[in-house]
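The values are calculated or read from the model by the stated rules, or taken from the named source; none is laboratory data. None of the values given here were measured: they were computed from a predicted structure. For neighbour counting, all protein chains shown are included, and Cβ atoms are generated from backbone atoms with ideal geometry for every residue, glycine included.
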Amino acid sequence: MKLLVCISKSPDTTSKITFKEDNTKFDENGVQFIVNPYDEWYALVRALELKEANNGSVTIITVGTAVDDAVIRKALAIGADEAVRINSEPHDAYFTAMQIADYAKTNDFDIVLTGKETINYNGSQVGGMIAEALGTPFVSLASKLDVNGSTATLETEIVGGVEVVEVNTPFVVSCAKGMAEQRIPNMRGIMAARTKPLNVIEPSAIEALTSFESYELPPSKSACKMINPENMEELVDLLHNEAKVI
Amino acid sequence: MSTLVYINSNNGLAKNTLEAITYAKKLGEEVIAITTGSADDSVLATLGQYGANKVLIDRTVNTDDSQQITNVVAAAAESMGSNSVVFSHDFIGKSVGPRLSVRLKAGLVPGATDIPRNGKIRVNVFSGKAMGFVSIKSARKVISLLPNSLQPEGGGENCPVEEFNGNAGIAGVKVLDSKVPEGEIPLPEAELVVSAGRGLKGPENWGMVEELAKELGAATACSRPVADIGWRPHHEHVGQTGVAIRPNLYIAAGISGAIQHLAGVNGSKVIVVVNTDPEAPFFKAADYGVVGDAFEVIPRLTEAVKKFKANG
Ligand SMILES: Cc1cc2nc3c(=O)[nH]c(=O)nc-3n(C[C@H](O)[C@H](O)[C@H](O)COP(=O)(O)OP(=O)(O)OC[C@H]3O[C@@H](n4cnc5c(N)ncnc54)[C@H](O)[C@@H]3O)c2cc1C
Ligand SMILES: Nc1ncnc2c1ncn2[C@@H]1O[C@H](COP(=O)(O)O)[C@@H](O)[C@H]1O
């Protein structure tokens, strides 16, 4: 079974978010980058489990610059066999997805796994775009994935519940909570990661379709109004008359 | 020129579908709604009240398969000459929107929270810690609207409903089973949410949370550790790695307010925090705070809500 896992970097979840150059760019100064949690905890770990049970290989792919190599090595330390980096800034989701699809087209993968979303741009776009470019089915927001030969059974989140679906390989899946448990890389994994192949490929000529023009921080909250714990009638009254939410 | 809106009509017309129609109307062009499935014409015609000029329905498609729906929406966009396609940013918008973007080579803005202003569309980024303004460079545009970003505006007339055949092809994804708990309010759609964390000590203490939620007509949610240790089902986990919600009211009891939790709830209009620790970080993000024991405060709040309802 050949599996391709799309890995992106994201700022550590505790990062303070600030912008520079007149609020047009994210200020990476002092920000620690990690593997996007959905990609690492769910997509990558489930891919490794499937490989362990069925043989095959796990390739990780990132659209990014040399700065991303540290994050890629971390994903290799968790257990991926090899890495591919498309050497470019990921200009937008379309650009990123088309690069990954171009690579996937020349290598027959049974399943392409992405995270549910990146925790910086929260788009949930890249997986569906890859599926369309490859002309394969797409299962989004999967919380479970089992494979039997060329047939996979998945659970996906739908409004207010879950759906059990079946699909044949090849397909693309975006992975959410429930898929797998986080794995902490061990020393052996970290050592091995240093010598695993990391192939750098130049990008295809693709125009981005969107761009982030500027950013803003949300208006800061006014001070919290404290309510006497004995007096919940007052809280209900404020929620009704002042906040007008009940 | 027209704006095409994909509507999920499988279980009646949910609020987020009406929001999407209202949003499309605000874009200023003729609004054509397209849906799949088997909804009644009389139900679909009411979309006209929110601004649809016409509704198309392809009854040959009865799944949520992203390939089939993409085929139908792309065919409708061609035949209606639509330069913009609008979705709600729900599970269909998240699977069909990206496909359609590639199919039409149309830039996609996922999770829009406002109509375009000076050609830029606002979205939440960094899990709600900031907002970004996106421009689309292509002539055609796909926009998915974050639920609860605007109020549906009704008051218009019903509109015509027409059959449409978009040559959907076959479904690549086969649905074997679907489990939707009866009678529960789905979390992403809920306007009121009552949530609790590790401060509640054990799953046996959730009765009071459910009771308050029931009294308010609210959905229930929880922090991540509570779902991870199995006190509550996974779909209730809100935050950066769980569900992101933006209800009108979020009541959090026994939750410390870690930054990853806040990332999923900071879009809420009003936040009420109940915590024994006056230093809990959550108070910094709250509108109303109660320093007290959830085991006393929550039942007291439930009583107060009951009294409020009884007095009309
Ligand atoms: C990468 C990453 C992603 C994460 N994603 C998420 C996420 O999506 N969602 C999420 O929730 N967390 C997430 N977390 C975990 C997060 O950091 C916190 O650990 C978690 O939110 C804490 O849950 P809690 O507030 O329920 O528990 P605690 O931190 O243990 O807080 C319990 C609170 O209850 C109060 N309390 C105790 N007794 C009472 C009482 N009787 N009455 C009232 N209050 C009481 C305490 O004062 C305390 O503030 C993530 C962490 C990481 C590293
Ligand atoms: N630059 C990138 N390189 C590789 N994969 C990516 C990149 N950006 C996003 N992805 C993948 O696409 C998923 C969804 O991203 P997004 O559409 O940005 O929310 C992520 O969880 C990753 O698996």
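See the values below:
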read-out	value
Residue tally, condition closer than 20 Å to B:Arg246 by Cα and either of a type outside the set (S, T, N, Q) or within 14 Å of chain A (Cβ to nearest Cβ) (or both), over the stretch B:183-204	13
Residue in the stretch A:145-158 that is touching an Asp or Glu at 6+ places or on another chain (Cβ under 9 Å), more than 11 Å from chain B (Cβ to nearest Cβ) and not in a strand (DSSP E or B) present	yes
Failed criterion for B:Ala263 (all others in (1) modelled with pLDDT of 95 or more; (2) within 16 Å of ligand 2 (Cβ to nearest atom); (3) among the small types (Gly, Ala, Ser) hold)	(1)
Pick from the stretch B:180-214, criterion of a type in the set (Asp, Glu) and within 25 Å of the chain's Cα centre (by Cα), ranking: surrounded by the fewest Cβ atoms within 10 Å (Cβ to Cβ)	B:Glu182
Residue in the stretch B:160-167 that is within 9 Å of chain A (Cβ to nearest Cβ) and either at pLDDT below 95 or in contact with a helix residue (DSSP H, G or I) (Cβ under 7 Å, 6 or more places away or on another chain) (or both) present	no
Residue ranges of strands (runs of 3 or more DSSP E) in the stretch A:1-71 with at least 3 members away from ligand 1 (no atom under 16 Å from the Cβ)	A:2-6, A:57-64
Options A:Asp102, A:Asp108; residue that is under 19 Å from A:Pro137 (Cβ atoms), in contact (Cβ under 8 Å) with a residue 40 or more places away in the chain and out of contact with any Cys (no Cβ under 9 Å at 6 or more places or on another chain)	A:Asp108
Qualifying helices (runs of 4 or more DSSP H) (wholly inside the stretch B:205-312; at least 3 residues being within 9 Å of chain A (Cβ to nearest Cβ))	B:259-265, B:294-310
